[in-house]
Amino acid sequence: MVTHIGDREADLYEEWATVPKQLNHHLLIRACQNRCLWQKTELLYEYLAKQPIEGTYGLQVHSDARTGRKSREAFLAVRFTPIEIQRPASLPVADYPPHLRIYAVEVSEVQAPTDQEPILWRLLTTHEVMSIEKALQIIQWYCWRWRIEQLFATLKLAGLDIASTQLESPDAIKKLTVLALSVAVRTLQMVEGRETPNISASMAFSDMQLQCLSDIEPTLQGDTVKQKNPHPRLSLSWATWIIARLGGWSGYRSQRPPGMPTIVHGLQRFEAIFLGWILPHSRLVCTQ
């Protein structure tokens, strides 16, 4: 089974009419437009809002300096219902059916902070959604799409910038990309682990690398409390603070949290430092 997951730009009637024709292929797309529904007076958004709440769940929302979003625990209400979307008038009658049966899932934040935009997702899918368990699975799949996009963004200009490679062979570029993926995954782990002190740094670093980070830490801290690493030692957030400082971050909690380019630059500096650090800590073998 293959599920094509897309953001709002993928919400096209042509997609809904053609992709599911392939055997075991499904669509899961965030709604972009308030579509007309077949033989109903309400549009999609209004019809969804009238459906009963089938369940609620909590979600930890991470801060985002770019959008001004603050870290918080959000409580989300879930609605779902089968729908029949109507063919847009601009599409040829002969090429596309007049209506298509799919399923809609709405996720809306309950009592969001007044200074924050509430979470509101309207997800459309060809998967049958007739229970809260299936609706939650659809929501989880959609959340994974964002992580995949973040991973790709780490490989691109904002992170490792592998597009600027001077390699010309397709095989060499594929190998470079595979090697870069391990760095991209570590970078993404650290960006997401900035505020998670309960996760061990061993997820992203070896024992010797953690020793090196411990030795580096005092050189990056200041004399005041605000200039010291506030995270539990050997946690992922502790290691991220050190790497971010190496990448040029000020270290003050009042500043925006370190982003992907800062983490990438910090990891590059750390790798160079670690190569020098490991020499006196390794067993030397002399040969004649």
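The values are calculated or read from the model by the stated rules, or taken from the named source; none is laboratory data. Because the structure is predicted, anything quoted here is derived from the model rather than measured. We place every Cβ from the backbone using ideal geometry, glycine too, and count neighbours over all the protein chains shown. Quick note on the areas: whole protein, heavy atoms, side chains included, nothing else; ligands and nucleic acids left out. Shrake-Rupley method; radii C 1.70, N 1.55, O 1.52, S 1.80 Å.
Taken over region 111-135, the criterion of being hydroxyl-bearing (Ser, Thr, Tyr) and modelled with pLDDT of 95 or more is satisfied by Thr125, Thr126, Ser131.
Leu220 passes every criterion in (1) among the aliphatic types (A, V, I, L, M); (2) touching a Lys or Arg at 6+ places or on another chain (Cβ under 6 Å); (3) modelled with pLDDT under 90 apart from (3). Residue count for region 71-97 satisfying the condition of being out of contact with any Ser or Thr (no Cβ under 7 Å at 6 or more places or on another chain), closer than 28 Å to Val107 by Cβ and of a type in the set (Ser, Thr, Tyr): 1. Annotation note: Cβ proximity below 6 Å between a residue of region 252-267 that is free of Cβ contacts under 8 Å to residues at least 60 places away in the same chain and of a type in the set (S, T, N, Q) and a residue that is open to solvent by less than 30 Å² (accessible area, probe 1.4 Å) and in a loop (DSSP other than H, G, I, E, B) (sequence gap 6+ or interchain) occurs for Thr262/Gly247.
Entry remark, region 37-87: residues being open to solvent by 40 Å² or more (accessible area, probe 1.4 Å) and assigned to a loop (DSSP other than H, G, I, E, B) number 17 in total. The listed residues are Pro280, Pro257, Pro197, Pro261, and the only one of them that is modelled with pLDDT under 90 and either among the basic types (Lys, Arg) or open to solvent by less than 60 Å² (accessible area, probe 1.4 Å) (or both) turns out to be Pro257.
Here region 136-170 is the region considered, the condition is being crowded, with 16+ Cβ neighbours inside 10 Å and not in a helix (DSSP H, G or I), and the residue that is modelled with the highest pLDDT is Leu160. Might you let me know whether region 2-16 holds any residue that is in contact with a strand residue (DSSP E or B) (Cβ under 6 Å, 6 or more places away or on another chain), modelled with pLDDT under 95, assigned to a loop (DSSP other than H, G, I, E, B) and open to solvent by less than 90 Å² (accessible area, probe 1.4 Å)? Within region 2-16, one or more residues are in contact with a strand residue (DSSP E or B) (Cβ under 6 Å, 6 or more places away or on another chain), modelled with pLDDT under 95, assigned to a loop (DSSP other than H, G, I, E, B) and open to solvent by less than 90 Å² (accessible area, probe 1.4 Å). Checking each residue in region 177-210 for being without any contact (Cβ under 8 Å) to a residue 24 or more places away in the chain and either assigned to a helix (DSSP H, G or I) or under 16 Å from the mean Cα position of the chain (by Cα) (or both) picks out Thr177, Val178, Leu179, Ser182, Asp207. Listed by first and then second residue, the pairs linking a residue in region 66-87 that is in contact (Cβ under 8 Å) with a residue 40 or more places away in the chain and within 14 Å of Glu42 (Cβ to Cβ) to a residue that is of a type in the set (Val, Ile, Thr) and open to solvent by less than 70 Å² (accessible area, probe 1.4 Å), with Cβ atoms under 7 Å apart and 6 or more places separating them unless they lie on different chains, are Ile83/Ile102; Ile85/Ile102. For region 17-36, the set of residues classified as open to solvent by less than 70 Å² (accessible area, probe 1.4 Å), over 21 Å from Pro92 (Cβ atoms) and more than 22 Å from the chain's Cα centre (by Cα) consists of His25, Asn34, listed by residue number.
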